[in-house]
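Here is the structure we will look at.
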Amino acid sequence: MPLMEKPPVGFDEASTSHRFVAELLTQADIQLDGSRPWDMQLNAPGVIDSALSRGNLGLGESYMKGDWDADRLDELFYRLMRARLGQRIKPTQLVYHSLRSRLLNRQTAKRAWEVGEKHYDLGNDFYAAMLDQRMTYTCGYWKDAQTLDEAQEAKLDLVCRKLQLKPGMQVLDIGCGWGSFMAYAAEHYGVECVGLTISKEQADFGQRLLKKGLPVEFRLQDYRNESEQFDRIVSIGMFEHVGHKNYREYMGVVNRCLKDDGLFLLHTIGKNLSNTVTDPWIDKYIFPNGELPTLGQIAEAAEALFVVEDVHNFGADYDRTLMAWHDNFERHWPTFVSQYGERFYRMWRYYLLICAGAFRAREIHLWQLVMSKQGVLGGYPRVS
């Protein structure tokens, strides 16, 4: 994509902040205006000071404007995070964001719909171009896979096997997306599924599955309003929108809706430290009101409600999944450029590639937890 004209050499090089950041970046083997794919190319003044005062919010917004570039954003952020440089900088203008994230419940039933409207309702055609043929917008399982389609089908089958699905079972999918899990489970395991979504676009798309005669039902509703009981419950890539103030209530809803001998599988992105807040750029532009849990927070929310039978971390597979999505996005972008524009292109590229870098650096993870209400007698058999 076209870039801004390169500013005169030395336009910002004399500033104290520029020297500080340049020295800091050397610890991650990154150079300002260097020649390697992961080096930052500064196209306008103010990028450094904006990043120091506003963190990734300032850095991301200046990237969206074209004020700086890097051919390999994924590798740039992998190096930044692996070197833990973010812990050395405390942006002065993000105190309010931090307090708001910690003190307020930003994932109330009313606010829960915001992410559906701003993110998941971008357009089914757009997501169909970026995702696999089943429209699976969560981490693939690449253990024995070579393509994105294979990785996503392997993930869906992994979930089915972990849940020990049998024909005739009733399954609840909390945060069902475009219905990829429900369709796969109905087709291959003979179960009946009910899916909850807060995206009108996803619910409309789900009508295609009904026309195929599959025993699946989409409900456009918040998870807190579900009261029926099911043999199995699954939640794939939705817990990131629940928020720490609602974790216990979420587990209570699952406990209420799961039969006593049932199994619950939670598939979620997670983080290492509980005292960190949602990245402000991601919160503003990609996933409003989102929040990543720690394993400790999940376990605390499930206490006395569930027995944690199994924990599986395959977060490194999300790096490969995101890079596959990025490849699809780049290849199909000419189809969407007139609809979304240059600023959206840079925003979406930034989103996909910084997330890939974060998983690569093991800063964030992908966990699948299997839980039961009373404990599986004789133990739960590990599935991989």
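The values are calculated or read from the model by the stated rules, or taken from the named source; none is laboratory data. Since the model is a prediction, treat every value here as computed from it, not as a measurement. Cβ coordinates were reconstructed from backbone atoms using ideal geometry, including for glycine residues, and neighbour counts include every protein chain displayed. Accessible surface is based on the protein model in full, side chains and every heavy atom, while ligands, DNA and RNA are left aside. Shrake-Rupley method; radii C 1.70, N 1.55, O 1.52, S 1.80 Å.
Observations
- Taking the criterion of being of a type in the set (S, T, N, Q) and more than 20 Å from Cys257 (Cβ to Cβ), the only residue of segment 363-384 that qualifies is Ser384.
- Ser17 open to solvent by less than 30 Å² (accessible area, probe 1.4 Å) and of a type in the set (Gly, Ala, Ser): yes
- Screening Ala358 against (1) assigned to a helix (DSSP H, G or I); (2) within 30 Å of Leu258 (Cα to Cα); (3) touching a residue at least 40 places away in the same chain (Cβ under 8 Å) leaves a single unmet condition, (2).
- Qualifying residue in segment 267-277 (condition: more than 17 Å from Ala358 (Cα to Cα) and either out of contact with any strand residue (DSSP E or B) (no Cβ under 7 Å at 6 or more places or on another chain) or open to solvent by 50 Å² or more (accessible area, probe 1.4 Å) (or both)): yes
- In segment 293-315, the residue that is farthest from Leu366 (Cα to Cα) out of those that are part of a loop (DSSP other than H, G, I, E, B) and open to solvent by 50 Å² or more (accessible area, probe 1.4 Å) is Ala304.
- Looking across segment 267-292 at every residue that is part of a strand (DSSP E or B) and not small (Gly, Ala, Ser), the one that is nearest to the chain's Cα centre (by Cα) is identified as Ile269.
- Restricting attention to segment 126-146 and to residues that are without any contact (Cβ under 8 Å) to a residue 40 or more places away in the chain and farther than 22 Å from Val234 by Cα, the residue that is surrounded by the most Cβ atoms within 10 Å (Cβ to Cβ) turns out to be Ala145.
- Some residue of segment 197-205 being of a type outside the set (Val, Ile, Thr), surrounded by 20 or more Cβ atoms within 10 Å (Cβ to Cβ), touching a strand residue (DSSP E or B) at 6+ places or on another chain (Cβ under 6 Å) and assigned to a strand (DSSP E or B): no
- Taking the listed residues Glu187, Glu217, Glu228, the one that is open to solvent by 10 Å² or more (accessible area, probe 1.4 Å), out of contact with any helix residue (DSSP H, G or I) (no Cβ under 6 Å at 6 or more places or on another chain) and in a loop (DSSP other than H, G, I, E, B) is Glu228, with no other qualifying.
- Residue in segment 317-340 that is out of contact with any Cys (no Cβ under 6 Å at 6 or more places or on another chain), surrounded by fewer than 19 Cβ atoms within 10 Å (Cβ to Cβ) and outside any helix (DSSP H, G or I) present: no
- Qualifying residue in segment 307-315 (condition: farther than 13 Å from Gln368 by Cα, in contact (Cβ under 8 Å) with a residue 12 or more places away in the chain and more than 13 Å from the chain's Cα centre (by Cα)): yes
- For Leu263, the criteria (1) surrounded by fewer than 18 Cβ atoms within 10 Å (Cβ to Cβ); (2) more than 18 Å from the chain's Cα centre (by Cα); (3) not charged (D, E, K, R) hold in every case but one, which is (1).
- Residue within segment 300-318 that is at pLDDT 95 or above, acidic (Asp, Glu) and in contact with a strand residue (DSSP E or B) (Cβ under 6 Å, 6 or more places away or on another chain) present: yes
- Every residue from segment 231-252 that is part of a helix (DSSP H, G or I) and either open to solvent by less than 10 Å² (accessible area, probe 1.4 Å) or of a type in the set (S, T, N, Q) (or both): Phe239, Asn246, Tyr247, Tyr250, Met251
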